[in-house]
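What follows is one structure encoded as structure tokens, with my remarks underneath.
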Amino acid sequence: MKTVFINGSPKKKLSASGYFLDVQCFFTRGNKVKENLRNKSDHERILNTIADADTVVFCLPLYVDGVPSHVLSFMKEMELFCTERKLQLNVYVISNSGFIEGNQSRVLFQVFENFCKRSGVHWCGGIGVGGGVMLNVLRIVFLIQIGILLLNFVLSGVHNGNWLPIDALINFATQALMIIFFNLGVFWYTFRMGMAIKKGNSCGKKYTRIMIPSFVFILFADIFFIIISLFQGGIFRGWLSKK
Ligand SMILES: Cc1cc2nc3c(=O)[nH]c(=O)nc-3n(C[C@H](O)[C@H](O)[C@H](O)COP(=O)(O)O)c2cc1C
């Protein structure tokens, strides 16, 4: 069984869609192919990849309560491609938004449902993830924490001869558990989508979010966006990308 995962974020690196795609990929069995859809030059390659696929999973950001325009233009071509070849695909969607409410993605799901009807493929449901930016930042923070933990091991080993500092380990484990907790909704629904993909069933429309109270989210989102505005919009990505 072949599943094609399409990352619909225009970002080259460290996109939230890429993160959710990796999580979904982890929970999906069978032959898995990942594709990036950023512009027109990707269309032909992706269409050829889905020609012999059983399932397509779109992971994409929510733009202005809808589908990003570069994904829409791909969907137009895919509609023709599927109808001409009478493809029997199962289509799933994972949409992530900046706002905390996962149900911001409901209009986007409607667009995909209509697209599936017109293309003659099977709409199998989706997951709307609220607070996608924050969950993505947390996974980057998690990677940094792993780096800090390893550095702690080395420093403690070199200075005190203790290569396994328990304090650092407990600190890391606490923070890792918190990040896992914030992601619980995403893990649960992607696990269920993985089961649905395996059986070829619909997983329905599910909405989840980062697992923190909204008033805490707003506070941290405000601080975060003030800081990234000082870095002209790209705090992690901006540092890593070529200027
Ligand atoms: C042009 C644009 C429009 C957006 N519109 C919305 C929106 O309507 N609602 C929302 O919650 N987030 C909105 N966002 C935020 C993105 O959905 C959010 O940053 C997402 O995590 C980006 O995913 P990515 O890293 O995979 O590209 C918008 C972002 C951009 C750049």
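Bear in mind these aren't lab numbers, they're just calculated from the coordinates by the rules spelled out. All values derive from a computational prediction rather than experimental measurement. Methodologically, a virtual Cβ is constructed for each residue, glycine included, from the backbone with ideal geometry; neighbour enumeration extends over all protein chains shown.
General observations
- Acute angle (nearest 10 degrees) that the helix 69-85 long axis makes with the longest principal axis of the chain, alpha-carbon atoms: 40 degrees
- Hits among lysines - C-alpha to C-alpha of K117 under 30 Å, sequence gap 8 or more where chains match: K2, K11, K32, K34, K40, K76, K86, K198, K199, K205, K206
- Relative contact order %, the chain, counting alpha carbon pairs below 8 Å whose residues are six or more apart: 20 percent
- Within-14-Å neighbourhood charge of G126 [Cβ basis; K, R +1; D, E -1]: +3
- Computed from Cα atoms, the angle from the helix 214-230 axis to the main principal axis of the chain rounds to 80 degrees.
- With both labels modelled 7 Å from their Cα along Cα-to-Cβ, the F215 to R106 distance reads 2.6 nm.
- Here the label points at I223 and V33, each 7 Å from Cα along the C-beta direction, are separated by 4.5 nm in the simple model.
- Euclidean distance of C-alpha centroids, region 25-95 and region 190-226, integer Å: 21 Å
- The Rg/Rh ratio of the chain, with Rg taken over Cα atoms and Rh as the Kirkwood radius over Cα pairs, comes to 1.03.
- Fully extending the segment from W188 to R45 would add 48.3 nm, taking 0.36 nm per residue of separation and subtracting the current Cα-Cα distance.
- Tilt relative to the chain, helix 166-182 - C-alpha long axis, 0 to 90 degrees, to 10: 30 degrees
- GNM result for the chain, Cα springs below 10 Å: residue of N103, N162, N152 fluctuating most strongly: N162
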